[in-house]
């Protein structure tokens, strides 16, 4: 399993993660920040556990995030 976490408050809506993994990230029409699709929020941090086949795309998303608000790790 892969754990993806996002500190959404730090997001600037640059869209780099959406370009890397559009099935997991989308831009919110409300505030222009990126939303972790199906992520569960707890104290401002969104997270989700996904299959290993999503690892590479989401590592790319985290690497291209200019504010480093995305963390991806194997669990």
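FYI, it's all coordinate maths here, none of it is from the lab. The model shown is predicted, which means the values in this text are computed figures rather than measured ones. Here the Cβ is made from the backbone with ideal geometry for all residues, glycine too, and neighbour counts use every protein chain on show.
Remarks
- Of everything in segment 9-26 that is surrounded by 14 or more Cβ atoms within 10 Å (Cβ to Cβ) and over 15 Å from residue 66 (Cβ atoms), the residue that is nearest to the chain's Cα centre (by Cα) is 24.
- First in segment 8-24 and without any contact (Cβ under 8 Å) to a residue 24 or more places away in the chain, second anywhere and exposed (fewer than 13 other Cβ atoms within 10 Å of the Cβ) and assigned to a loop (DSSP other than H, G, I, E, B), Cβ under 6 Å, 6 or more apart: 13/32
- Which listed residue is touching a strand residue (DSSP E or B) at 6+ places or on another chain (Cβ under 6 Å) and free of Cβ contacts under 8 Å to residues at least 24 places away in the same chain, from 36, 59, 55: 59
- Of residues in segment 29-45 being in contact with a helix residue (DSSP H, G or I) (Cβ under 9 Å, 6 or more places away or on another chain) and not in a strand (DSSP E or B), the one farthest from residue 74 (Cα to Cα): 33
- Single condition residue 38 does not satisfy, out of (1) within 17 Å of residue 52 (Cα to Cα); (2) surrounded by 14 or more Cβ atoms within 10 Å (Cβ to Cβ): (2)
- Considering each residue of segment 9-25 in turn, at least one proves to be in a strand (DSSP E or B) and under 14 Å from residue 60 (Cα atoms).
- Evaluation of residue 48 against (1) touching a residue at least 40 places away in the same chain (Cβ under 8 Å); (2) touching a helix residue (DSSP H, G or I) at 6+ places or on another chain (Cβ under 9 Å) (one fails), failing number: (2)
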